[in-house]
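**Student:** Quick one: the structure is below, and I'll ask about it shortly.
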Amino acid sequence: MSLDWSEGTREDERVSGSGDDSSRLLAAVTRLRDAVDASSLPIDLPGVDAVRAMRSQLLAQLDDYVIPRLTSLDAPLLAVVGGSTGAGKSTLVNSVVGREVSLPGVLRPTTRSPVLIHHPDDARWFADQRILPGLARITGKHSASDGPGAVRLVETDAVAPGLAMLDAPDIDSVVSANRDLAAQLLAAADLWIFVTTAARYADAVPWELLRQASERGTSVAVVLDRVPPESLEEIRVHLAGMLREQRLEQAPIFTVLESHLDDGLLPATQTQRLRDWLGALASDAQARAEVVRQTLTGALASLDERTAALASASTDQVEAADELVGAARAAYDDGLTNVKEGMLDGTLLRGEVLARWQEFVGTGEFFRQVESTVSRIRDRFTSFVKGEPARAEHLGEALQTGVEALIANRAELAATTTARTWRSLAGGDQLLSSTDGLMRSSGDVNARISRLVRDWQGDILEMVRHEGRDRRTTARIMAYGVNGLGVVLMLVTFASTAGITGAEVGIAGGTAVVGQKLLEAVFGDQAVRELARQARAKLLDRVRELYDAERARYEAVVGELGVRAGQAKELENAAAEVRSAR
């Protein structure tokens, strides 16, 4: 950087101008800031930590620098003094000012609280929350107990009006809070004064920040401290070459030779050139405006790439959330399909149900003669219902138990399948570990299933009553009994079709034939098919409602993450507005 400034371009004038253009740009940047603040990346996807950190840095720079600078283009230039541990930043600042204003020390980490030094006439620019709104303001003598949550304000005539210096924490501090604050402060700078030493000027950490400064167009000056006189030229040439590689060849280099401190301060001769440069910058409004223009234009230009990365990560979050929800949906859809198949494949007509049915209508010769006469079935059934009602109840209980077991088994399978699939999906393990109960069905699911089946049995009885509205059918129902017919209708519901025939192979098939023939004697064959269809549909509707509620547990925990489908679009639109306003 030089004090010999050239005429700005039309875009530069817009950035540093006033009126409608500046107001429009400020409004667009403020909307982008709100979009970034509203964004979230809660799912632990690969690489998301880096994007989260970038989002925090972007939000901090918008709050700490871009918006304050656009709001107050005539505010004093802020030069942030930053560098590695032990580079001598605080000593340099104190030496430039001529007295101790920032607390140096041998123990690390030092400079835990940033110190902002300004001319008394510029106090109004820094006393409020215009810049660095997240840091409290403190004044008075510095203390070793200062913390990183505040900025200490120091007034002195040794700093010219129009320029302020901020002594930042170490960029490579062992304390993460110090490192984060240092990065935040550097992003809030109009000018970064990078302090390094002859022994550490090639370290990787500061050069990563210098690379970012170059990419974002930040104005930079370099102070090379503690240089042995015999190595001055060699080190300076090498450092200049490294700056050129990062496209920072315009950055001035100030050298400070190895010196004995006098009352904690460097000899005035070692800091004179830096003091003169800062004084000339402070006294030249055009020069200050050029520094601000360069850094602000670079910061605005960098918003596109960073917002695009955040928008892309937001899209990945939506896709990950959709995959998690989709896995739960697929598992419970499969569960419902399995229940439907279990209702039709004859499984429920075996075992305990078959034994109770044989008690209900008899076995042996009765099955062999099932096609002979309906009257024989009716006589056996009527005698059974009126003479031994407990057996009808046993059959109904067996059917209820079988249906409950089928529904519960498929619900548990859906839950375990969802959990297993989530383990293989990004973010799934995170949710399973942080939320109790997702590895299995709900704790009260069995009670809800029992209630569901009882309610469905009530549907069956109501269907029987409704079907027997005419006088002839009512008489037949009275002969057999509503409860008995309801039990038989439940049994027929679980045949492979509503019109199963005696040709179907297997005892279960024969069982359904007996029940169907009995119902046809009362309602007619067409009515029986329709009753069976309605019974299956009503049961499936109730199971679907139950499974929807079970699946909703998984959807709820994904929803609580706060992933929004429109987040990426909001960011893209806001960034486009800033581009247009620039």
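The values are calculated or read from the model by the stated rules, or taken from the named source; none is laboratory data. Please read all numbers here as calculations on a predicted model, not as lab measurements. Backbone-built Cβ (ideal geometry, glycine too); neighbour counts: all protein chains shown. The protein model used for the area step is the full one, side chains on, heavy atoms only, and it has no ligands, DNA or RNA in it. Shrake-Rupley method; radii C 1.70, N 1.55, O 1.52, S 1.80 Å.
**Student:** Residue separation times 0.36 nm, minus the C-alpha to C-alpha distance between S259 and R533: what's the value? Write out the running numbers ahead of the final one.
**Tutor:** Numbers: separation 274, 0.36 × 274 = 98.64 nm, distance 9.73 nm.
The span from S259 to R533 would gain 88.9 nm if fully extended.
**Student:** On full extension of the chain, what length is gained from E341 through S40, given 0.36 nm per residue of separation minus the C-alpha to C-alpha distance?
**Tutor:** 104.1 nm
**Student:** Round to the nearest 0.05 the FRET efficiency obtained for R99 and S580 when R0 = 45 Å and r is the Cβ-Cβ distance.
**Tutor:** Computed FRET efficiency for R99 and S580 comes out at 0.40.
**Student:** Roughly how much of M343 is accessible, in Å² to the nearest 10, using a 1.4 Å probe?
**Tutor:** Per-residue accessible area (M343): approximately 0 Å².
**Student:** FRET efficiency for A150 and A447, Cβ-Cβ distance as r, R0 = 60 Å, nearest 0.05?
**Tutor:** Computed FRET efficiency for A150 and A447: 0.60.
**Student:** Given Cβ point charges of +1 (Lys, Arg) and -1 (Asp, Glu) and nothing else, what value in debye, to the nearest 20, does the dipole of the range 167-255 about its Cα centre take?
**Tutor:** For the range 167-255, the charge dipole is close to 160 debye.
**Student:** Rounded to the nearest 0.05, what FRET efficiency is calculated for H466 and M439 with R0 set to 30 Å and r the Cβ-Cβ distance? Walk me through the numbers on the way to the answer.
**Tutor:** Working: r = 43 Å, r/R0 = 1.43.
Using R0 = 30 Å, I get an efficiency of 0.10.
**Student:** Not counting ligands, DNA or RNA, and with a 1.4 Å probe, what is R536's accessible surface area in Å² rounded to the nearest 10?
**Tutor:** The accessible area comes out at roughly 40 Å².
**Student:** Contour minus end-to-end for A308 and E412, with contour as 0.36 nm per residue of separation and end-to-end as the Cα-Cα distance? Could the numbers behind the result be given before it?
**Tutor:** Working: separation 104, 0.36 × 104 = 37.44 nm, distance 4.22 nm.
Between A308 and E412, full extension yields an extra 33.2 nm.
**Student:** Using protein chains only and a probe of 1.4 angstrom, how many square angstrom of D121 are accessible, to the nearest 10?
**Tutor:** Rounded to the nearest 10, the figure is 110 Å².
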